[in-house]
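A short reminder: the numbers here are calculations on the coordinates, not readings from a lab. Here the structure is a predicted model, which is why all the values come from computation and not from measurement. Cβ: placed from backbone, ideal geometry, glycine included. Neighbour counts: every protein chain shown.
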Amino acid sequence: MTQISPIFEKDTRCPICQTDFKAQAIRSSRIKVLEKWDDFGRRYSESVNPLFYSIWTCPKCLHSSGKDEDFTRAIIQEDKVKLLKHYKYLKRLAGKHVFSGERDAETGIKSLVLAAVCYRLKRRSRAMVASCYMRIAWIIRNLDRSFEEEKRWLERALREYTYAMKNEYSPEIGKLSEYGVFYIIANINHKLGNNELALDYIGKVIENKKKVEPFVLKKAELLYDDLKNYSKPVKEVKAAISEVEEDDMGWIYDMDLTLE
Ligand SMILES: [Zn+2]
């Protein structure tokens, strides 16, 4: 019997440069979940990780975004110009990677990096940028690479989520409630050893039980039980986490994006 590929193609048009191309999509029924992690990430059994395909990238201008995020809505002229103006930087980030056809982990990660940069250029919510970094951390965890490597992306996700929740009037957090995001912030802080901050954020969740999704609350209570044992901060918390400037795009050029 012929096995149906989990990947299929969809005719798409880039909203920035109007190029028609075939984007990859995943048949979710063909993907098996082996394990669900406490930060909502998942381990997959097959070599095809659906996260490799969560971002569509235009082969011409390298505009990258989730399909339902920016490929199905009109983009304002100002943002189009900004994206095209930054083409050479996107090209530099993309390096040798080709985003059509099958993707491996490294190409999947690059597509998420490009999407993060494009969201910043389009001034989308920093929570969307955070979500890209979080997915990169999950891809690395799925490959059983070192925590040090995963940590770099968790730190970036934490910085962006924290910024979004502190500074944005209406952060774009998808279907999750704000308490779901507070839980994620607490979870990442805990993973990074920032237990005092983790306690602060988990407190916001536990104190608002009625407003929290049951599946989030369940995880939040487990984390709270774990954190209660820490009466003192285990590690100094870097104040820098909450001090990200809105228009500072310098990180695009400084980012070390090579994969060890
Ligand atoms: Zn394009």
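Between Ser28 and Gln3, the modelled label-to-label distance comes to 2.2 nm, taking each label 7 Å out from Cα in the direction of the beta carbon.
Each Cα pair under 8 Å and six or more residues apart adds its sequence gap; the mean of these over the residue count of the chain is a relative contact order of 13 percent.
Separation of region 1-20 from region 110-149 is 22 Å, based on Cα centroids. Two tests apply to each whole DSSP H helix in the chain, Cα reach of 15 Å or more along its axis and mean Kyte-Doolittle hydropathy of at least 1.6, and none passes both.
Taking the Cα centre of region 1-149 as origin and assigning +1 to Lys and Arg Cβ atoms and -1 to Asp and Glu Cβ atoms, the resulting dipole is close to 560 debye.
Counted by neighbouring Cβ atoms within 10 Å, the residues Ser28, Ser131 run from fewest to most as Ser28, Ser131. By the Cβ distance rule of under 4.7 Å, the chain has these cysteines without a partner: Cys118, Cys132.
The Cα trace of the chain gives Rg and Dmax of 18.8, 60 Å, the first to one decimal, the second as a whole number. Basic side chains Lys and Arg get +1 at the Cβ, acidic Asp and Glu get -1 at the Cβ, and with that the dipole of the chain about its Cα centre reaches some 660 debye.
Within a straight-line Cα-Cα reach of under 22 Å, Lys209 can be paired with the following lysines, leaving aside sequence neighbours fewer than 8 residues apart in one chain: Lys166, Lys175, Lys218, Lys219, Lys228. One quarter of the surface of the convex hull around the alpha-carbon atoms of region 1-149 equals 9.7 nm², the direction-averaged projected area.
When the chain is treated as a Gaussian network with alpha carbon springs shorter than 10 Å, the biggest mean-square fluctuation among Glu178, Glu148, Glu102 belongs to Glu148. Take the chain and mark each of the trypsin sites (Lys or Arg not before Pro) that is in a DSSP loop with at most 15 other Cβ atoms within 10 Å; the longest unmarked stretch, sites excluded, is 176-227.
Projecting the Cα atoms of Ala105, Ala198, Gly66 onto the charge dipole of the chain (Cβ charges, centred on the Cα centre) puts Gly66 farthest toward the positive pole.
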